[in-house]
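Before any comments, here is the structure.
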Amino acid sequence: MTRDDLARFRAGFAHCELVMLADTAAGTVLTFDSAIHQGQERLDDLCATACALFRSDLPARGMAVLSGPRGSRLFLQMPRDPTEVICAVLGPRADLPAICVAAGRLGDTENMT
Amino acid sequence: MTEHPSIATILSQAAALGTDSQDLAAATAEEARGFVLDAIAACIAPRELTILDGGKPMLRLEAAAGQLSRLLDLPDTAPAEARALSGQPLTVKELDAVARALARLLPGDQRLQCRSTPPAQPPDPAHPGIGVDALLRQLGLIPPDRAIQDRWAYLLGAAEEVLIAVADPGQAPRQICPDRLMTATLERQLQALLAPPAPGINLLDKNEILFFTLKSDPDMAIGLAQDGPAPRALVIEAGAMAEVAAFWASLSHVPVARAP
């Protein structure tokens, strides 16, 4: 998955501030696209959250969403390699159901290539 | 009491709104009016806001420090009294006329968009404008944080149809949906989530819920929230997780109609 893939995905939705692909096995950010410049600390924070969600005692697999008044952070494990996680930062009025479906398709497409 | 929102409130609203132009399919009048008032409240520096309805410009206004400072362009469908105010600095004396115009222009069932640009000229500091709280009151609306006393109970009520179980700290999980039996595995998982050290609780900010699909049953999802120092949880159908999470995120941004 390239940065262009993430940029195309992000452009398809209002209130989608950032999309990132994280490698939770290595704890690193593989690529990202964002509306404004994001500091490395912010990306690392998001990556650390993905690791805490899917590589801890939590009985989570597949998808997780941290949702609150300032918006949502979506985390989706790639079907091909669950250690790779698509992360998205969304505003409170984002169309979360549509974004979740599209993120799932993005993961499936990656699975076929 | 001042009409000016605190800087913390303004910053929090601005952060919530992000950086893109905003848009919303506003099904109800409350959503449509809340959308425009939220955009005004989020203006720290002076901004010119253009509200589009179905892609066409409908209303242009100026806002600063969370106040509506001027109406700039209104359509012919707006009340004549509001059109007469176009371009003039607003004060609370014009509250009634402005609220009537917003009520007329924002009936709901609209595809709204808000574009924000720097104003052509700085607003007159002698006329601070009309506060969002005053506009909400005049429109018969209550800010959601004031209207909803118990957000968790409100969520449980709204998600009733997809709710499978609820677990409160120190209590056994309660099954809500009799058709979906709570397995022993799920019960154990809930108890492990709620018992110290409560994995997941450190990930939560104030008023956040962590939703995730379950490793043991992909058709189910858990929502984990903080209740004071302890966590509490709900179990829902996984297919409804995104919708419930979106509802929770929008809860602070849609005002509630005051009871007549």
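Residues of the stretch A:26-60 that are closer than 30 Å to B:R188 by Cα and touching a Cys at 6+ places or on another chain (Cβ under 9 Å): A:G27, A:L46, A:C47, A:T49, A:A50.
Yes or no, residue by residue, for (1) of a type in the set (D, E, K, R); (2) surrounded by fewer than 24 Cβ atoms within 10 Å (Cβ to Cβ); (3) at pLDDT below 95; (4) closer than 17 Å to B:P218 by Cα:
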position: A:Q40; (1), (2), (3), (4): no, yes, yes, no
position: A:A50; (1), (2), (3), (4): no, no, no, no
position: A:L58; (1), (2), (3), (4): no, yes, yes, yes
position: A:V65; (1), (2), (3), (4): no, no, no, yes
position: A:P69; (1), (2), (3), (4): no, yes, yes, no
position: A:Q77; (1), (2), (3), (4): no, yes, no, yes
position: A:E84; (1), (2), (3), (4): yes, yes, no, no
position: A:A88; (1), (2), (3), (4): no, no, no, no
position: A:L96; (1), (2), (3), (4): no, no, yes, no
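Identify the residue in the stretch B:218-234 that is surrounded by fewer than 17 Cβ atoms within 10 Å (Cβ to Cβ) and under 18 Å from B:R174 (Cα atoms) and, among all such residues, is farthest from the other protein chains (Cβ to nearest Cβ). Ranking the candidates gives B:A230 first. Of all residues in the stretch B:55-85, those satisfying the criterion of being under 15 Å from B:Q121 (Cα atoms) and of a type in the set (G, A, S) are B:A63, B:A64, B:S69.
Mind checking which residues of the stretch B:237-255 are part of a loop (DSSP other than H, G, I, E, B) and either at the interface with chain A (Cβ under 9 Å from one of its Cβ atoms) or among the β-branched types (V, I, T) (or both)? Selection gives B:L251, B:S252, B:H253, B:V254. Can you pull out every residue in the stretch A:36-84 that is facing another protein chain (nearest Cβ under 7 Å), among the hydrophobic types (A, V, I, L, M, F, W, C) and either out of contact with any Gly (no Cβ under 7 Å at 6 or more places or on another chain) or more than 28 Å from B:R151 (Cβ to Cβ) (or both)? Correct list: A:I36, A:A52, A:L53, A:A60, A:M63, A:A64, A:V65, A:L66. Of the helices (runs of 4 or more DSSP H) lying entirely inside the stretch B:118-196, those containing at least 3 residues that are of a type in the set (A, V, I, L, M, F, W, C) and out of contact with any Leu (no Cβ under 9 Å at 6 or more places or on another chain) span B:184-194.
Here's the yes/no breakdown for (1) in contact with a Ser or Thr (Cβ under 6 Å, 6 or more places away or on another chain); (2) closer than 17 Å to B:P255 by Cβ; (3) not β-branched (V, I, T):
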{"residue": "B:A41", "(1), (2), (3)": "no, yes, yes"}
{"residue": "B:G54", "(1), (2), (3)": "no, no, yes"}
{"residue": "B:L59", "(1), (2), (3)": "no, no, yes"}
{"residue": "B:E62", "(1), (2), (3)": "yes, no, yes"}
{"residue": "B:S69", "(1), (2), (3)": "no, no, yes"}
{"residue": "B:A84", "(1), (2), (3)": "no, no, yes"}
{"residue": "B:L102", "(1), (2), (3)": "no, yes, yes"}
{"residue": "B:T117", "(1), (2), (3)": "no, no, no"}
{"residue": "B:D124", "(1), (2), (3)": "no, no, yes"}
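Among the residues making up the stretch A:61-84, those that are among the basic types (K, R) and under 23 Å from A:E17 (Cβ atoms) are A:R70, A:R73.
B:M182 passes every criterion in (1) exposed (fewer than 14 other Cβ atoms within 10 Å of the Cβ); (2) over 28 Å from the mean Cα position of the chain (by Cα) apart from (1).
The values are calculated or read from the model by the stated rules, or taken from the named source; none is laboratory data. Here the structure is a predicted model, which is why all the values come from computation and not from measurement. As a convention, Cβ positions derive from the backbone with ideal geometry for all residues, glycine included, and neighbour counts pool all protein chains shown.
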